[in-house]
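Peer 1: Sharing a structure, written as structure tokens. Questions coming.
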Amino acid sequence: MKIDGHCHCGSITFEAEVEPEKVWLCHCTDCHMLSGSAFRAVVPTKEGAFTLLSGEVKNYVKIGTSGARRLHGFCPECGAPIYSTSESDGPKVYNLRVGTLRQRW
Ligand SMILES: [Zn+2]
Ligand SMILES: [Zn+2]
């Protein structure tokens with residue numbers, strides 16, 4: 001389904017195509033810290049299915065316990081988390097933060 005969303009201050013807007021049944025909750029300790037909550041609701045979308053409509057996402061590079069570098073995109077104005085993705089080239093998967101979506105099921 002087609003979804004759209006924005007950060008809290010509204011400077012970042014985006015749209016994407018997602019499968020609603022793929023929403024999942026991450027309980028890892030990094031998500032505790034980065035979200036300030038007990039879990040984080042996420043839905044994946046692919047490069048090409050994700051369009052940034054306005055604003056500029058700032059990336060924080062998180063190095064996981066496996067050594068993998070993950071980009072955590074957030075709004076530099078209001079700090080709202082937008083997505084996480086891999087740092088590598090090629091078709092990326094963007095794990096969108098469900099709380100920023102207008103269609104929050
Ligand atoms: Zn913002
Ligand atoms: Zn996590």
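The values are calculated or read from the model by the stated rules, or taken from the named source; none is laboratory data. Keep in mind the model is a prediction, meaning the values are calculated, not measured. Glycine gets a Cβ as well: all are built from the backbone with ideal geometry, and neighbour counts include every protein chain shown.
Peer 1: Filter segment 1-56 down to the residues that are within 13 Å of ligand 1 (Cβ to nearest atom) and of a type outside the set (A, V, I, L, M) and list them by number.
Peer 2: Gly5, His6, Cys7, His8, Cys9, Gly10, Ser11, Thr13, Phe14, Ser54, Gly55, Glu56
Peer 1: If you check every pair at least six apart or on different chains, which have Cβ atoms under 9 Å apart with a residue in segment 1-30 that is within 16 Å of ligand 2 (Cβ to nearest atom) first and a residue that is in a helix (DSSP H, G or I) and at pLDDT below 95 second?
Peer 2: Leu25/Cys31; Cys26/Ser35
Peer 1: Being aliphatic (A, V, I, L, M) and surrounded by fewer than 16 Cβ atoms within 10 Å (Cβ to Cβ) narrows it down to one residue among Leu96, Leu71, Leu53; which is it? If you could, list the steps in order and put the result at the bottom.
Peer 2: Details: Leu96 fails: surrounded by fewer than 16 Cβ atoms within 10 Å (Cβ to Cβ); Leu71 fails: surrounded by fewer than 16 Cβ atoms within 10 Å (Cβ to Cβ).
Result: Leu53 is the single residue among Leu96, Leu71, Leu53 that is aliphatic (A, V, I, L, M) and surrounded by fewer than 16 Cβ atoms within 10 Å (Cβ to Cβ).
Peer 1: Which condition breaks for Asn59 when tested against (1) under 17 Å from Val23 (Cα atoms); (2) within 16 Å of ligand 1 (Cβ to nearest atom); (3) of a type in the set (S, T, N, Q)?
Peer 2: (1)
Peer 1: Here's a check for you: in segment 10-42, which residue that is touching a strand residue (DSSP E or B) at 6+ places or on another chain (Cβ under 8 Å) and aliphatic (A, V, I, L, M) is nearest to Ile63 (Cα to Cα)?
Peer 2: Leu34
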